[in-house]
Amino acid sequence: MMANRFTFLLFVVILIFSSCAEEERSRPAPDLESIRQQEPRSELFDFVYLFSELGQKKAMLKAPYAKDIFVADQNETEFHLTKGMELFFYDSTGKEISHLKANQGVLYQNKGFAEAIGNVVWQNEKNEKLESERLRWFRKSDQVSTPEFVKITTPTDVLYGDSLVANLGFSRYKIYKIKGHFTLKETL
């Protein structure tokens, strides 16, 4: 009787250990490629990226630090700007027409846009200021937009809205669901 209990107990112990070993073998190996993709290919300090078109300076992106990451499944090179960023826009003569700052950002090189994230402040040459949590600049269309809440302060008005589309100079813009105090100018 004692031998039967011992045999049964031994059988249970062997069964438990073999199932644990089987569980270990059935776990998939870590996907080294996905781990590698999350690591930067390079780290860049005092990062400056100049955008030009037909030999004319269009914009300049500056950041104290950038991580260059390649996302293989999207065939995309991303520059993650985790310690702040500035983006300067220029007119056809090379004169600065607007400037934005943000806590961080991402430059999507192949997709053709840059995104400013966190405490975004954008000012133009007319001393108008936009504040938001996120802005995107699309290089091909020369538009800046956000689906987020915006606040625009001008020398005379304060406007609020739920989203915005603007030109690079931040001199023409559409604000959606606009609120605030503003002056309407009469034109003929």
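Nothing in this text is a laboratory measurement; each read-out follows from the coordinates by a stated rule. Given the structure is predicted, the values throughout are model-derived calculations rather than measurements. So basically every Cβ, Gly included, is an ideal-geometry build from the backbone, and we count neighbours across all protein chains shown.
Points to keep in mind about this one:
- Radius, Kirkwood style, for region 42-181 when every pair of distinct Cα atoms is counted (Å): 15.4 Å
- Put in order of Cβ neighbour count within 10 Å, fewest first, the listed residues Ser141, Ser42, Ser132 become Ser42, Ser141, Ser132.
- When the Cα convex hull of region 102-188 is projected onto planes of every orientation, the mean area is 6.3 nm².
- Extension gain, Arg41 to Lys151, is 35.9 nm, computed as 0.36 nm per intervening residue step minus the present C-alpha separation.
- P(r) of region 133-181 over all Cα-Cα pairs, binned every 10 Å from zero, in whole percent: 27, 57, 15, 1
- Net charge in the neighbourhood of Val120 (other residues with Cβ under 14 Å of its Cβ; Lys, Arg +1, Asp, Glu -1) is 0.
- Listed by Cβ neighbour count within 10 Å, with the fewest neighbours leading, Val158, Val120 appear as Val158, Val120.
- For region 77-93, the residues whose amide N sits under 17 Å from a probe point set 7 Å from the Cα of Val48 along the beta carbon direction are 85-90.
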